1. Is it the case that some residue within region 174-196 is free of Cβ contacts under 8 Å to residues at least 24 places away in the same chain and over 15 Å from Gly140 (Cα atoms)?
2. If Trp303 satisfies every condition in (1) in contact (Cβ under 8 Å) with a residue 60 or more places away in the chain; (2) in contact with a strand residue (DSSP E or B) (Cβ under 7 Å, 6 or more places away or on another chain); (3) of a type in the set (Phe, Trp, Tyr) but one, which is the exception?
3. Do we have Gly278 as in contact with a strand residue (DSSP E or B) (Cβ under 8 Å, 6 or more places away or on another chain) and under 22 Å from Val217 (Cβ atoms) here?
4. Are any of the residues in region 76-96 at pLDDT below 95 and touching a His at 6+ places or on another chain (Cβ under 6 Å)?
5. In region 235-253, what residues are part of a loop (DSSP other than H, G, I, E, B) and either touching a His at 6+ places or on another chain (Cβ under 9 Å) or over 14 Å from Gly121 (Cβ atoms) (or both)?
6. Quick one: in region 193-203, of everything that is assigned to a loop (DSSP other than H, G, I, E, B) and within 22 Å of the chain's Cα centre (by Cα), which residue is surrounded by the fewest Cβ atoms within 10 Å (Cβ to Cβ)?
7. Out of Arg326, Arg333, Arg320, Arg337, report the one residue that is of a type outside the set (Asp, Glu), in contact with an Asp or Glu (Cβ under 7 Å, 6 or more places away or on another chain) and crowded, with 22+ Cβ neighbours inside 10 Å.
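The values are calculated or read from the model by the stated rules, or taken from the named source; none is laboratory data. Keep in mind that this is a model prediction, so the values were computed, not measured. A quick note on method: Cβ atoms are made from the backbone with ideal geometry, for glycine too, and the neighbour counts reach across all protein chains shown.
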Amino acid sequence: MDLVYNIPQLLIGLVAAAFSWRADLHVRARQPLVLAAGSAAALPVLLKMDFFHLLRLWSFAVFVHLPLLLAIAGWTLGRGSRRARALCWAGSATLWLAATYAFAIEPARLEVTRFELDHAGVARNVRIAVVADLQTDRIGAHERRALEAVMAARPDIILMPGDFIQARAEERPRLARELRALLVEIGFDAPLGVYAVRGNCDPPGWAGIFDDTVVRVLDETTRLPLDGLTITGLGLGASFDPRLRLARAPGDETFNVVFGHAPEFALGDVQADLLVAGHTHGGQVRLPFWGPLITFSQVPRSWAAGLTRLSGDRTLVVSRGVGMERFHAPRLRFLCRPQIVLIDVGRAG
C-alpha cells in the first residue's frame with residue numbers, strides 16, 4: 001500500500017513541478033504545488049485505510065512529499081525572491097531533519113526517569129521499576145539496553161504494565177523465546193518480585209511469554225501483600241474502566257500500589273497511594289507548548305506521561321514506554337523518548 005500511495009504522489013509532484021516552472025506569474029506557479037500538497041493529504045483518506053495506516057501515509061506526506069514540494073518551490077518560485085527561496089528551502093531541510101531524528105534517532109534514545117515519593121506506610125525505602133510497553137517485533141539491542149538499565153538500577157520490585165510483543169501471529173512464538181532467553185541471561189529479577197499484567201496488544205495465551213522465568217503473571221485483578229507494601233495488578237478490562245471502584249483492604253495501612261495497562265482506572269474510585277500505568281506511549285509524538293497529539297486514552301492529556309498528583313493523596317505515574325506502535329503505524333517518536341521509570345518511595349519523616 002505504501003507504493004500505491006507514494007508512486008502516484010511522486011508523479012503528481014513531478015507534474016506540479018513542471019507546470020510551476022513553466023508558469024510566468026508566481027501566483028500561477030503556486031497553484032500546481034498547492035494542489036500537489038493537497039493531494040498528498042487527501043489521497044490517504046480516499047484509499048480508506050485503517051487509522052494507523054492512515055497515519056503512516058500522512059507521515060509520508062509530511063516527511064517526504066511536503067519537503068520535496070517545498071524544495072521545488074524554492075527552486076521555481078524563488079527566482080524573483082531570495083527570501084521566498086530561503087524560506088522554502090529552510091522548511092524543506094527542517095522537515096527532513098525532523099524525520100531523520102524522529103524515525104532513526106529518538107526511538108532508541110532510552111531515558112531513565114526517577115521520581116521520589118514519601119509515605120508513612122512504607123517500613124523502609126523501596127525502589128519500584130516500571131517497564132511498560134516493550135511492544136516490539138524484534139528483540140534487539142534496544143530491548144537489551146532497556147532491561148539491563150532496569151537491573152543496573154537495582155530495584156526492589158519490577159512492574160510490567162503490558163504490551164510486550166506486537167507482531168504477526170506466526171512470529172510471536174520465536175519472539176517470546178528470544179525475550180525469555182534475554183530475561184534469563186541478564187538475571188531479570190528483584191527482591192520483592194517481578195509482576196506483569198496484560199496489555200491490549202497481548203493476545204490470549206500471552207502469559208506463555210514468561211514461562212520458565214521469575215516473572216509472575218497477573219491475568220486477572222490480583223492483590224498481593226508484600227514486605228512493606230501491597231500491590232494490586234489489574235486485569236486488562238479493569239485498567240480501561242474509568243468507573244473502577246477498588247477499596248483498600250480493611251486495616252491495611254501499608255503503601256498501596258495499583259498498576260494496570262491503561263491509565264483510565266485512575267479516573268475511578270481507586271483507593272491506593274500510587275497508581276501506575278502505560279499504554280499511552282506519552283503520545284509518541286509531542287509538540288512544544290501543546291503536548292501529545294494522540295494518547296488513545298480518556299484521561300486528560302496532561303496525565304498521559306509522567307507524575308500527576310490526584311485527589312486523596314494519590315499519585316499517578318504513566319510511563320512513556322520502551323517501544324512504540326508497530327504494524328501499519330509510523331515507527332517514530334518525537335520529543336517523547338522511550339522510557340524506564342524508577343519510583344523511590346521513602347518513609348515520611
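1. Kept after step one, since they are free of Cβ contacts under 8 Å to residues at least 24 places away in the same chain, are these residues of region 174-196: 174, 177, 181, 185.
From what is left, the residues that are over 15 Å from Gly140 (Cα atoms) are none.
Within region 174-196, none of the residues are free of Cβ contacts under 8 Å to residues at least 24 places away in the same chain and over 15 Å from Gly140 (Cα atoms).
2. Unmet condition: (1).
3. Working: in contact with a strand residue (DSSP E or B) (Cβ under 8 Å, 6 or more places away or on another chain): yes; under 22 Å from Val217 (Cβ atoms): yes.
Spelling it out, Gly278 is indeed in contact with a strand residue (DSSP E or B) (Cβ under 8 Å, 6 or more places away or on another chain) and under 22 Å from Val217 (Cβ atoms).
4. yes
5. Step one: list which residues in region 235-253 are part of a loop (DSSP other than H, G, I, E, B), which gives 235, 240-244, 247-253.
Hits for region 235-253 are Gly235, Phe240, Asp241, Pro242, Arg243, Leu244, Ala247, Pro250.
6. Of all residues in region 193-203, those assigned to a loop (DSSP other than H, G, I, E, B) come to 193, 198-203.
Next, from what is left, pick out any that are within 22 Å of the chain's Cα centre (by Cα): 198-203.
Working: Arg198: 26, Gly199: 26, Asn200: 15, Cys201: 21, Asp202: 22, Pro203: 10.
That would be Pro203.
7. Numbers: Arg326 fails: crowded, with 22+ Cβ neighbours inside 10 Å; Arg320 fails: in contact with an Asp or Glu (Cβ under 7 Å, 6 or more places away or on another chain); Arg337 fails: crowded, with 22+ Cβ neighbours inside 10 Å.
It is Arg333.
Table: residues versus (1) part of a loop (DSSP other than H, G, I, E, B); (2) touching a Gly at 6+ places or on another chain (Cβ under 9 Å); (3) farther than 22 Å from Arg320 by Cα; (4) among the polar types (S, T, N, Q).
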position: Asp118; (1), (2), (3), (4): no, yes, yes, no
position: Ala123; (1), (2), (3), (4): yes, yes, yes, no
position: Ile128; (1), (2), (3), (4): no, no, no, no
position: Arg145; (1), (2), (3), (4): no, no, no, no
position: Val150; (1), (2), (3), (4): no, no, no, no
position: Asp163; (1), (2), (3), (4): yes, yes, no, no
position: Ala167; (1), (2), (3), (4): yes, no, no, no
position: Arg177; (1), (2), (3), (4): no, no, yes, no
